[in-house]
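Step one of this worksheet: look at the structure below.
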Amino acid sequence: MPHPVSIQFRDTDLDALLTQEGRIALVQDAGVTLSPAARKLDRATRGAVTRALASDAFGKLKPGEALDLAFPAGLAAEALQLVRLPKRTDPLTARKAGAAIGKALKSAALTVVAEGHPRAAELAFGLALRAYSFDTYRGGEAKPFGPVAFMVTNPETVAAEAAPGAALAEGVFFARDLVWEPANVLTTWDFAARLAAMQELGLEVEILDEDTLEKLGMRALLGVGQGSESPSKVVVMQWKGGREGEAPLALVGKGVCFDTGGISIKPAAGMEEMTMDMGGAATVAGTMRALALRRAKANVVGLVGLVENMPDGRAQRPGDVVKSMKGDTIEVINTDAEGRLVLADVLWYAQERFNPKGMIDLATLTGAIIVALGHENTGVFSTDDALCDAFLKAAAAEGEGAWRMPMGEAYDAMLKSRIADMRNSCGREGGSVTAAQFLARFVKPEVPWIHLDIAGTAYTKAETAMAPKGATGWGVLALDRLIRDRFEG
Ligand code: BES
Ligand code: MN
Ligand code: ZN
């Protein structure tokens, strides 16, 4: 199983530092008086700590960066990590410092010396987020993380401050695990079952099966899944922590468990990474989990469309025309532009059933957004400036990259079809924008809406500030903060 790190907060124990095996991380700034624990470590190492803190190497570190003293004489530890962090620092820098510690964490024990640091809880949060690894299928190689102890000045206070972070980290890890899981394991069945299991946390979870989707008229969504042995499903997760009867915020996720492209099949190179094409659904699920774990005082409904896009004798073909639940017809130019077909029906269903006061969809929707923004920023598309600005602020506060992209009538006009109300693909130019315009056709004008294209940010080839390379769980933190800022209390 993937193994999140468990952190204990306790009072500083000076003697324990000398006998501590594994690693010690000392959180310290340059040019300030040493804390009692730092002095103890300095004396035990015959001044190595003071010399290191005065060195050029330490002086060149930015706040939040660290250097290792390997096998320090006088200590039992195999490494003493010096983490540069001033006392007065912003939360994201404290998280970055925690991530530097978390990155080095292995199966050995770790003690973090953070006495008197006002951002100890943020340090712990960054450590936990970065220390994640997905080892489910690595057999004997995967050892659990060693125990992590934080020496702080007020353990109870810091533990209380760190509690919401633990709930959020669990939401992020839930999303990352889902993104990592291979498609032979995470079928639509399996995905739905993992979501249904969240009923234990107080979420109401419903699974709509193919018969139900057929009766609702979701032919756009069903067309995508019709070449797969795994039946298409829509899962509805309701968190009712707000006032009774108050309209919810709706979160909608693309859950393509595997995207071969269908009959418009993708090239073989790199196709294995299309196991991440359910990243939108994963972020929605992770956010719902975090909301339930921290008992959020808001009404939020999460809806995910779970399908698999396969080529088959029954698969949808280029040129097919499908009718959406809304009633509009769509000419399927390219069966690989499947995410928008799934979302069209789930977006419409979310509005018809819940009349939401806001709607945000997340989808690994286009390769074009990676061309435009790389892996640094999610593409943000919106028809509502107020909601969009609030989201961009929340994402910035959480250090999750997000960049607003344009929309407009000229792009919408590109969706014109030979024979239907619209086509699902119109070439490479502005590919992410025309995808967003397609979705916009299924959003009622009175509903404030944001579309997040996370194709570049849900899964990355290089590590990011808060995640090892691979699944990031991008968006759980930003969405949770947006909900705290705008939809709670
Ligand atoms: N799932 C892909 C988008 C994607 C690409 C996600 C790379 C993550 C990494 C999506 O379904 C897709 O295939 N989009 C096509 C759209 C095109 C056919 C209009 C694309 O981006 O090429
Ligand atoms: Mn596709
Ligand atoms: Zn896709």
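Every number here is computed from the coordinates shown, using simple stated rules; none is lab data. Here the structure is a predicted model, which is why all the values come from computation and not from measurement. Virtual Cβ from ideal backbone geometry, glycine too; neighbours counted across all protein chains shown.
Points to keep in mind about this one:
- Residue among 300, 307, 371 that is more than 14 Å from ligand 1 (Cβ to nearest atom) and either in contact with a Lys or Arg (Cβ under 9 Å, 6 or more places away or on another chain) or farther than 14 Å from residue 425 by Cα (or both): 300
- Test result for residue 344, small (Gly, Ala, Ser) and either away from ligand 3 (no atom under 11 Å from the Cβ) or not in a loop (DSSP other than H, G, I, E, B) (or both): yes
- Checking each residue in the stretch 332-379 for being among the hydroxyl-bearing types (Ser, Thr, Tyr) and within 17 Å of residue 260 (Cβ to Cβ) picks out 335, 364, 366.
- Listed by first and then second residue, the pairs linking a residue in the stretch 34-58 that is under 21 Å from residue 87 (Cα atoms) to a residue that is among the β-branched types (Val, Ile, Thr) and exposed (fewer than 14 other Cβ atoms within 10 Å of the Cβ), with Cβ atoms under 7 Å apart and 6 or more places separating them unless they lie on different chains, form an empty list.
- Whichever residue in the stretch 248-294 is more than 15 Å from residue 366 (Cα to Cα) and among the basic types (Lys, Arg) and, among such residues, is farthest from ligand 3 (Cβ to nearest atom): 294
- Residue, nearest to ligand 1 (Cβ to nearest atom), within the stretch 333-354, restricted to residues that are closer than 30 Å to residue 246 by Cβ and either surrounded by fewer than 17 Cβ atoms within 10 Å (Cβ to Cβ) or among the β-branched types (Val, Ile, Thr) (or both): 342
- Number of residues in the stretch 150-190 that are of a type in the set (Ser, Thr, Tyr), in contact (Cβ under 8 Å) with a residue 40 or more places away in the chain and assigned to a helix (DSSP H, G or I) equals 1.
- Residues being over 27 Å from residue 257 (Cα atoms) and within 18 Å of the chain's Cα centre (by Cα) - total across the stretch 392-408: 7
- Hits in the stretch 372-408 (condition: in a strand (DSSP E or B) and of a type in the set (S, T, N, Q)): 378, 382
- Per the listing 330, 360, 370, the residue uniquely within 16 Å of ligand 2 (Cβ to nearest atom) and either on the phi > 0 side of the Ramachandran plot or buried (at least 18 other Cβ atoms within 10 Å of the Cβ) (or both) is 330.
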